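Okay, structure first, notes after.
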Amino acid sequence: MKKTFEQYLNQIQKVQKRSNFKIEKSTYPEPQEFDYMDPPPSMVAIDGSNRWIWIDHDLNIRIAIIRTVAVKYKYQDTLDQPLQLLNQECLDSAVLISPDNLDIYNYDPDLKNLFTDIKSLLVGRSGRPPKPQNILSLIRSLREFETAFDVAKKNVDSLIVIDGALTYVPIKQFEGIMYSLREVCKQNNNTLVGISKRNITRRFKQDITDEAVFHTRTKNFKSMSFVEIPPVPVQDPKFPTVGKTFLVKLHEKPVKNFRVDIEVLESKNISKILSHLAYYSKVATIPGYPFPLVDAHNIAVLLRRIPDMYNHELIEEGLKLGINEDIILKHLITNERMELDPFHRHLDEITR
């Protein structure tokens, strides 16, 4: 085994050296440096989470809870604690996922159309039945954009920052909410931003990700910097992106660099917008990442950290409908392992 490891690691080193050499010789655009400018406007950060609460493996029907969170902060550099929390909003909603039986949504034609479009989209891409988790991820993304729209209506001259890229799938429901979100941000002079914790694009056409290319080119920079990523080719519209996409170093010594999507209006300065984000990214425990997103994330993931949240309500309603308690408990999800089918769980137990 040691010999195999040695061979593999040696090959990896060769690829890394070749990649670094190509980067140094490439015509990759030079990163631009920027610094703190005017004090920033308020920031509203939005994040989401989800968990399964009921799974019937035989029918392939599931119930999930989706949580969306919006937190608003203000920056005041005259205070000892410059980040001031102004507001927190948290919305939980249940969603029924049934990939094999769309007639289950007959009670709500709009919902049926949404799931029909999502299923057609996912099947069209893979040729295989869509996985419930993929459907749930798209629904959660839609809920997050709807939350962003709600807060953008209530705020002016603010940063509206979503956890994740400003990408969406080309179906009517997503296109509608994205259009409305962009319009209300324009009307209220809000800046729409998406910040991705992970970016795997390779639009610089190198052996490594764009993020790794950016890190290599800026590792000796002592200031904050950014570079624009080339747009997705028009002939490849699988996940349209709103605005322009950048790789950004939001702190002199950041925990990492991030992909930042910005809906850019002609009158707005990119360096100034990034400097506003950088003001919110000074917290020592996670430098280079806007703290309001950290706060929104902490509230969002409580949904998964408290596994019995909403279980009582589901059991109570099931009993009212005359469903046998044993049946309810059989399908109720009280921890992540229970998302596996019953035999997988049994196998895990006996082989511990």
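Quick notes on this structure:
- Output for segment 240-264, where each listed residue is touching a residue at least 24 places away in the same chain (Cβ under 8 Å) and part of a loop (DSSP other than H, G, I, E, B): P240, V242, G243, L250, H251, E252, K253, P254, V255, K256, N257, E263
- Complete set of residues in segment 288-309 that are surrounded by fewer than 16 Cβ atoms within 10 Å (Cβ to Cβ) and not in a helix (DSSP H, G or I): I306, P307, D308
Every residue, every condition in (1) part of a loop (DSSP other than H, G, I, E, B); (2) among the charged types (D, E, K, R); (3) in the same structural domain as S137 (by TED's automatic domain parsing), yes or no:
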{"residue": "S49", "(1), (2), (3)": "no, no, yes"}
{"residue": "I53", "(1), (2), (3)": "no, no, yes"}
{"residue": "L59", "(1), (2), (3)": "yes, no, yes"}
{"residue": "R67", "(1), (2), (3)": "no, yes, yes"}
{"residue": "D77", "(1), (2), (3)": "yes, yes, yes"}
{"residue": "D80", "(1), (2), (3)": "yes, yes, yes"}
{"residue": "N87", "(1), (2), (3)": "no, no, yes"}
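- Those residues of segment 145-199 which are under 18 Å from S49 (Cα atoms), of a type in the set (A, V, I, L, M, F, W, C) and at pLDDT below 95, in sequence order: A165, L166
- Residue in segment 96-103 that is outside any strand (DSSP E or B) and either hydrophobic (A, V, I, L, M, F, W, C) or closer than 23 Å to I195 by Cβ (or both) present: yes
- Residue match in segment 189-201 (condition: in contact with a Ser or Thr (Cβ under 8 Å, 6 or more places away or on another chain), more than 18 Å from G243 (Cα to Cα), assigned by TED's automatic domain parsing to the domain that holds N50 and surrounded by fewer than 21 Cβ atoms within 10 Å (Cβ to Cβ)): yes
- Verdict on P132 being over 14 Å from D47 (Cα atoms) and in contact with a Lys or Arg (Cβ under 6 Å, 6 or more places away or on another chain): yes
- Checking each residue in segment 153-196 for being part of a loop (DSSP other than H, G, I, E, B) and touching a strand residue (DSSP E or B) at 6+ places or on another chain (Cβ under 7 Å) picks out N155, S158, G164, A165, L166, N190.
- Cβ-Cβ under 6 Å pairs, at least 6 apart or on other chains, segment 19-41 side within 23 Å of E252 (Cβ to Cβ), far side modelled with pLDDT under 70 and outside any helix (DSSP H, G or I): Y28/F204
The values are calculated or read from the model by the stated rules, or taken from the named source; none is laboratory data. On a predicted model such as this, the values are computed, not experimentally measured, just so you know. Because the Cβ atoms are built from the backbone with ideal geometry, glycine has one as well, and the counts that use them run over all protein chains shown.
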